[in-house]
Structures are given as C-alpha cells and as structure tokens.
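One structure is given here, and the rest of the page talks about it.
The values are calculated or read from the model by the stated rules, or taken from the named source; none is laboratory data. Since this is a predicted model, take the numbers as computed values, not measurements. With ideal geometry, Cβ positions are generated from the backbone for all residues, glycine too; neighbour counts draw on all protein chains shown.
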Amino acid sequence: MTLDTKWLEEKVLLRKLDSVEISLLQKLLQITEYAASEKIMLQGQAGGTLYLLRSGEANITCQGNDHEIRVATAHEASLFGEMSFLTGEEASASVTAQKTCIVYSLTRTAYSELMQKNQDLVFALFTHLLAHAASVIRHMNEEHLALQHYISGRRV
C-alpha cells in the first residue's frame with residue numbers, strides 16, 4: 001500500500017506537501033489494512049500511537065460493568081488513540097473495523113522525529129488533532145445537555 005498524499009493534503013493537512021515532506025511521511029507513517037471485525041486498537045493497550053482512518057468505518061467501544069458500549073463511529077479522516085498518544089496512558093477504548101479499513105498510524109517516537117525535521121508539518125497534524133478533539137468535546141456537550149433536559153423533564 002502506498003501513502004495517499006493527495007488525500008492527506010485535502011482532508012487532513014489542508015495544504016500542499018513538498019517532496020521532502022512526502023518522503024518524510026512515507027518513512028514515518030505506517031499503513032495497515034484491517035478486515036471487517038478486526039481489532040485496530042484495544043482498550044487497556046499501551047498508549048503512544050495516533051491512528052488516522054484513511055478509509056472505511058470503525059466502531060469505538062468501551063468496556064465497563066461487564067458490558068461493551070459503542071461510544072462513537074470513526075469515519076474517513078477520523079482520529080483515534082489521540083488521548084493515549086498525548087498522555088502515554090493506556091487506551092481508554094477499543095476500535096474495531098466495521099468495514100475494511102485503511103489506517104495510517106504514527107508513533108510518539110515517529111512524531112518526535114517529525115518535530116525535529118519539519119515543524120510546519122507537525123503543526124498541520126496537530127491542528128487536525130485539535131479540531132478533532134474540539135468536535136468530540138462539542139458532541140459530548142450536546143449529549144450531556146440533552147441528558148440533563150431528559151432528566152429534568154424538559155425533553156428537547
């Protein structure tokens with residue numbers, strides 16, 4: 001599999017890549033294909049890898065009280081593993097391919113190397129990560145508000 005740099009430019013980085021940046025990303029990003037029902041990431045596994053869903057769809061689930069609960073669905077350009085990537089803590093959720101998925105992954109070690117070699121590229125990746133995190137928080141706030149309205153009898 002080859003790195004789809006045009007897709008990265010249009011969907012993630014929001015800018016053109018030069019040949020040096022393309023070469024660097026090809027070296028540092030891992031590309032993996034997962035079949036439907038295959039685990040991409042497991043809750044409790046060691047942190048330190050950031051995943052970017054190039055194509056496909058995946059379920060994000062959390063295990064608690066002997067039940068697995070789907071908390072989100074990852075679509076094209078979705079990130080996951082970002083919390084454990086940033087903190088180094090264990091993964092707080094599992095991710096399972098719902099359809100065949102192509103996933104780009106970046107370890108903390110590779111990200112550190114990227115930071116030393118190309119700060120502009122790191123900034124573009126981090127901007128995508130922050131936009132994703134803001135979207136997740138916004139969605140959680142909406143769900144929290146709807147739950148509060150439900151509890152108080154003010155159904156929306």
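Summary of computed values
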quantity: Val71 vs. criteria at pLDDT below 95 and in contact with a helix residue (DSSP H, G or I) (Cβ under 6 Å, 6 or more places away or on another chain); calculated: no
quantity: Restricting the stretch 29-69 to residues that are assigned to a loop (DSSP other than H, G, I, E, B), exposed (fewer than 13 other Cβ atoms within 10 Å of the Cβ) and among the aliphatic types (A, V, I, L, M), the residue that is farthest from the chain's Cα centre (by Cα); calculated: Ala35
quantity: Top-ranked residue of the stretch 12-28 - restricted to ones that are without any contact (Cβ under 8 Å) to a residue 12 or more places away in the chain and part of a loop (DSSP other than H, G, I, E, B), ranked as farthest from Ala74 (Cα to Cα); calculated: Asp18
quantity: Qualifying residue in the stretch 135-156 (condition: of a type in the set (Phe, Trp, Tyr) and under 20 Å from Leu28 (Cα atoms)); calculated: no
quantity: Residues of the stretch 97-124 satisfying the condition of being under 21 Å from Ile40 (Cα atoms) and surrounded by 14 or more Cβ atoms within 10 Å (Cβ to Cβ); calculated: Ala97, Gln98, Cys101, Ile102, Val103, Tyr104, Ser105, Leu106, Thr107, Arg108, Ala110, Tyr111
